[in-house]
Amino acid sequence: MIRLEVNYRGIFQKTLAYHISGDIVYIAHKEGKTAFSNGRYSDDPQRNGIPCANFAYFSKDLSEEDLEAEASASMDIKEAEVVIVVDDTMVKGLEPWGGYGIRPINEKVVKNGVMLIVSNRKPADLIAQMEKKNYDYRLAIMPGEASFAGLWYFKDDMTDVRVLGAIAKVAPEIASIDTVADYVSTKYKSKEKAAAARKAYDEVKVSTVKAGEGIVWPYPKPVLPGWKSFDDGVYVKGVKRGFQMGPRGQNRNPDFKRGTSKTQRPVVRFDICTKCTLCWYDCPDEVFDPTTEGLYDVNYEYCTGCGRCAEVCPVEDCIVMVDELKFENQDSPYVLYKKDPEKYVKWAEEKKGHERLMPSPVTGKGNTVTKVEASKPFKKGVVK
Amino acid sequence: MAVKMETKSVFDREELMTGTDAVAEAVKLVDVDVFAAYPIRPYTGVMDRLAKFIANGELDAEYIVADGEHSQFEIGKHASSVGARAFVGSSGTGWLYAMESIGVTATDRLPLVALVGNRALDDPGAFGVEHNDALLVRDLGWLIGWASTAQEALDTTLIAYRVAEDPTVRMPAAVAMDGGYLTHSQHMVRVPTKEAVRDFLPAYDLGNRRMHPDNPVSIAPQVNEDWVMEMRRQNYEASKRSRKVLYSAYEEYNEVFHSEYDNPFIEETNVEDADTVLVGMGSASVVARSVAREMRKEGKKVGFLKIRWYRPYPTDEIRKALSNASNVGIIERNFAMGAPDGGAITMQDLQSALYDAKNHPRVVDFIAGLGGREISKTEVRKMYEMTADKKSPKVSWIGLRE
């Protein structure tokens, strides 16, 4: 049995994930093998950007019923030989529901299994965000941006057929590239698509992640209690009201943070902020913490990266959305700024670089990137 | 992508489908006149697909979105009474909200077909499978069939119409299937042609009771004590007659669609010469059958008995199937608080069926997979072993976090 997990972002990539797992079943069926697919039931109804998973199970010799039994007729997966990730910002961890904690993307990959990630980054950058395992596994990178092809209406950017081509490379037991190309050209009556699958097959780069490579996972993995260990009835403890000025001054739900939903985070230039309060006022997730001097800290653990603050900020270059994978932690930017304002601004500008990203999920075209020549220089002193 | 089947086949194509897709496909194939809807997962899967069929011009039907499940089932009931073939469905608490309507549809003897995508009764909010919703109507005069695969869901829906609408039956039928696992897993399903289904399923005709300007009737008048008992008896007789109709419907279905249903009511896997038999229904059957075959290879005399039609209850079939068994275990995806021995619902029916039987196997009950928790191979194996062990308790909770 080969188990495949397709990790994707809720709604944006739903149809994309269904295409990938469904096509694996069709290919298997065409080849006289056995397969079926399903999805993690609890993901539905999907919210924008939440981490979701679809699965495909494949076997050369088992009957469909035995394959299902082997997969435990389950709505989630415990282990996977092939873990596919169609949005590389998900390598920072997944928080599908409250009470599950933030889980590593490579939690399910088995020894000598493969992580197939759609990404334009280097292996080292991805490994630097993933939990270290005590065994070797393979990392395959298929060049590409996080596709927004899977919205309600399927805006085709060939990511689905490219992933199939890449699967032929990393798991040839499922299908050869010729089989994939043949299937794709029959399904879509398109030679271009078959060529796209072949191109991905050639482009995918496979390396080995050694045991011990990666990070010590910084988040606790909750253990669910037995029936004798919690109160009767149906309730969960709420969050007590609590507020004080300053970073992390507001009480928030410690069991569900949603910060892993983000693909970008707002980087704030406190030195040029005019204290207009709009970011704090407009943030749908209330992640801005007021400080006594009128600036607003960002609690990235709860920030979902929606970009609303950057949109409403009236000061050019003051709040800019930056690629989430460039950051190692969720530390308070305000604290960093107070420690050394000039150093903070230099650091923030480095992260921002010369690219300004504007996501456009509705058109299905992915990120629009504009170049900026230079950022505003550091401004000394606090704006009154 | 749909794979075209051979020409002249009774099948149109083979397609990757979820259980709800398969039911929607069946609803299209029987050419329903009225489809009533109110969203609740997993029924929304059927709603989505049928909306698409109508939008694409593949199906000509009234698609009525009600203001709640109660109205939805009322719409279905009334449509059925004017001679329109109707389909409704819900799950969990939605099914319970429609309960008043569900009750009278049965006593009005209207052959409405409904999907119940088994779902835990919230609260707490849960989408996973529990069979309590469907089992709550087991005594009201509905035929209840349980599907355990997507293909079976399609087949059972087609057969449900055939049996429900039969002039000797005219009872509503519920097609139950496990919400979550079955409704949302995708499997390859053979889809029959419209023509073949038309041959299998005659046009719906309610006869003298059809409410129509040309045939003015008033349905469900006030009757009090003068009539009710006789009507209940009629209902009971129809339920008995449905057994024969189910047999003939399956026989013909096998013939037309080359399916291999041995018995409409039960499905046996190595039961005949087994000492130890597990009984269950729904998607857990898939795992239980696989483990039964595996253990048989190891020389253990175990078997699995799947119940497909739960109402009318297959008393004779079960007595016969279990006539050689010494130990019987039941996989229960339901609960019955305060019931005898702390067992769940289907144990009560099974034990009373066996009480007057010649053979009296020891019966134990396993409460498992509640709220959609998976029932793994390891757990099923444990259930077989515990059933075979005379010292195991009467009722056990399997897969519970202690």
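Worth pointing out:
- Footprinting exposure proxy for B:349, B:262 (fewest neighbouring C-beta atoms within 10 Å first): B:262, B:349
- For segment B:266-398, diffusion coefficient by Stokes-Einstein and Kirkwood Rh (Cα), 10 °C, 1.306 mPa s, µm²/s: 110 µm²/s
- Rg [Å, one decimal], Dmax [Å, integer] - chain B, C-alpha atoms: 20.8, 67
- Three semi-axes of the equivalent ellipsoid, segment B:1-140, Cα gyration tensor, whole Å, largest first: 26, 19, 14
- Listed as lacking a disulfide-compatible partner in the protein assembly as shown: A:52, A:273, A:276, A:283, A:303, A:306, A:313, A:318, by the criterion of no other cysteine Cβ under 4.7 Å.
- Estimated inter-spin distance, residue B:237 and residue B:93, nm [label 7 Å along Cα→Cβ]: 4.3 nm
- For segment A:43-53, the Karplus equation 6.51 cos²θ - 1.76 cosθ + 1.60, evaluated at θ = phi - 60°, returns couplings of 5, 6, x, 6, 9, 3, x, 5, x, 10, 9 Hz by residue, with Gly and Pro reported as x.
- Expected 222 nm ellipticity per residue - DSSP helices of 4 or more, -39500 (n - 2.57), all of chain B, to 500: -12000 deg cm²/dmol
- The protein assembly as shown - charge dipole about Cα centre, Lys and Arg +1 at Cβ, Asp and Glu -1, debye rounded to 20: 2200 debye
- Rg [Å, one decimal], Dmax [Å, integer] - segment A:214-343, C-alpha atoms: 17.0, 56
- Chain A - charge dipole about Cα centre, Lys and Arg +1 at Cβ, Asp and Glu -1, debye rounded to 20: 1040 debye
- Alpha carbon centroid spacing (whole Å) that separates segment B:332-387 from segment A:297-321: 56 Å
- A quarter of the convex hull surface defined by the alpha-carbon atoms of the protein assembly as shown gives 38.4 nm² as the mean projection.
- A full extension of the chain between residue A:327 and residue A:251 corresponds to an added length of 24.9 nm, given 0.36 nm per residue minus the alpha carbon distance.
- Label zone at residue A:1, where the point sits 7 Å out along the Cα-to-Cβ direction: segment B:5-41 residues whose backbone N lies under 16 Å: none
- Site pair residue B:402 and residue A:125 shows an inter-label distance of 5.0 nm when each label is modelled 7 Å from Cα along Cα→Cβ.
- Summed side-chain charge close to residue B:135 - residues other than residue B:135 whose Cβ falls under 12 Å, Lys, Arg +1, Asp, Glu -1: -2
- The alpha carbons of segment A:2-209 stretch over 44, 38, 37 Å along the principal axes, in descending order.
- Loop-located GluC sites (Glu not before Pro) in segment B:1-95 (DSSP state not H, G, I, E or B) with no more than 14 neighbouring Cβ atoms inside 10 Å: B:6, B:58.
- Between the residues A:249, A:115, A:259, the greatest Cα displacement towards the positive end of the dipole of chain A, with unit charges on the Cβ of Lys, Arg, Asp and Glu, is found for A:249.
- Between the listed residues A:272, A:290, A:302, the Cα displaced farthest toward the positive end of the dipole of segment A:259-371, a dipole computed from Cβ unit charges relative to the Cα centre, is found at A:272.
- Over segment B:117-191: Kirkwood hydrodynamic radius from C-alpha pairwise inverse distances, Å: 13.3 Å
- Pairwise label distance in nanometres, residue A:186 with residue A:243, each label 7 Å out on the Cα-Cβ vector: 6.4 nm
- Folded to 0 to 90 degrees: helix B:19-29 orientation relative to chain B principal axis, Cα: 40 degrees
- Rounded to the nearest 20 debye, the dipole magnitude of segment B:266-398 is 240 debye, with +1 charges on Lys and Arg beta carbons, -1 on Asp and Glu beta carbons, and the Cα centre as origin.
- Charge-dipole axis of chain B as Lys and Arg at +1 and Asp and Glu at -1 on Cβ define it, positive-most pick from B:223, B:187, B:102: B:187
- The ranking of B:378, A:304 from fewest to most other beta carbons within 10 Å of each one's beta carbon is B:378, A:304.
- In this structure, residue B:214 and residue B:296 have a Cβ-Cβ separation that, at R0 = 60 Å, corresponds to a calculated FRET efficiency of about 0.50.
- Listing B:112, B:201, B:158 from fewest to most neighbouring C-beta atoms within 10 Å gives B:201, B:158, B:112.
- Rg and Dmax over the alpha-carbon atoms of chain A stand at 22.5, 73 Å.
- Two-site FRET efficiency, residue B:222 against residue B:62, from Cβ-Cβ distance with R₀ of 22 Å, rounded to 0.05: 0.15
- The 3J(HN,Hα) values that the Karplus relation (6.51, -1.76, 1.60; θ = phi - 60°) gives for segment A:28-41 are, in residue order, 4, 4, 4, 8, x, 9, 10, 6, 8, 9, 7, x, 5, 4 Hz. Gly and Pro appear as x.
Every number in this text was worked out from the coordinates using simple rules, so none of it is lab data. Quick caveat, the model's predicted, so the values are computed rather than measured. No Cβ is skipped: glycine too gets one built from the backbone with ideal geometry, and neighbour counts run over all protein chains shown.
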